[in-house]
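Here's the structure, in structure tokens; my notes come after.
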Amino acid sequence: MTHLEKSYKHMIGEDLELLNFKELQRLEKQDKMSQEYAHSIKMKAKSLMLENANLFKKIEGGCRTCHLNIDIMEGFDNDLETDGATQQNLHQTNLNLTLS
């Protein structure tokens, strides 16, 4: 059995009776460090997920604002077209009155 295989067995809790006190302490320290690392990664992932959710909300809000602006601009364009047609009608009416 290779050293790597022995180490693996020890890490999964097998063949521990063959270890002396210092080796057991080293294994416990490795286990604790691994747990702390896993916890750190979990907290980073949670933080990134929250940040992602916040960014998504900002994007979603921005899209609503864009759609609102587009709706306003389309309404403004329609008003300009209506005003233009009204002005043209007034101009035509003035021409007719002048010619009469």
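The values are calculated or read from the model by the stated rules, or taken from the named source; none is laboratory data. All figures in this text were calculated on a predicted structure; none of them were measured in a lab. Note: ideal-geometry Cβ built from the backbone for every residue, glycine included; neighbour counts use all protein chains shown. Only protein heavy atoms, including side chains, enter the accessible area calculation; ligands, DNA and RNA are left aside. Shrake-Rupley method; radii C 1.70, N 1.55, O 1.52, S 1.80 Å.
Listing for the model above:
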quantity: Per residue accessible area in Å² of the range 1-50, where ligands, DNA and RNA are left out and the probe is 1.4 Å; calculated: 95
quantity: Value of D in µm² per second that Stokes-Einstein yields for the range 1-50, Kirkwood Rh from Cα pairs, at 25 °C (0.890 mPa s); calculated: 196
quantity: Counted charge near HIS3, where neighbours are those whose Cβ lies closer than 13 Å (Asp, Glu -1; Lys, Arg +1); calculated: -1
quantity: Pairs from LYS22/LYS42; LYS6/LYS29; LYS6/LYS32; LYS9/LYS46 whose Cα-Cα separation, in the structure shown, is over 25 Å; calculated: LYS22/LYS42; LYS9/LYS46
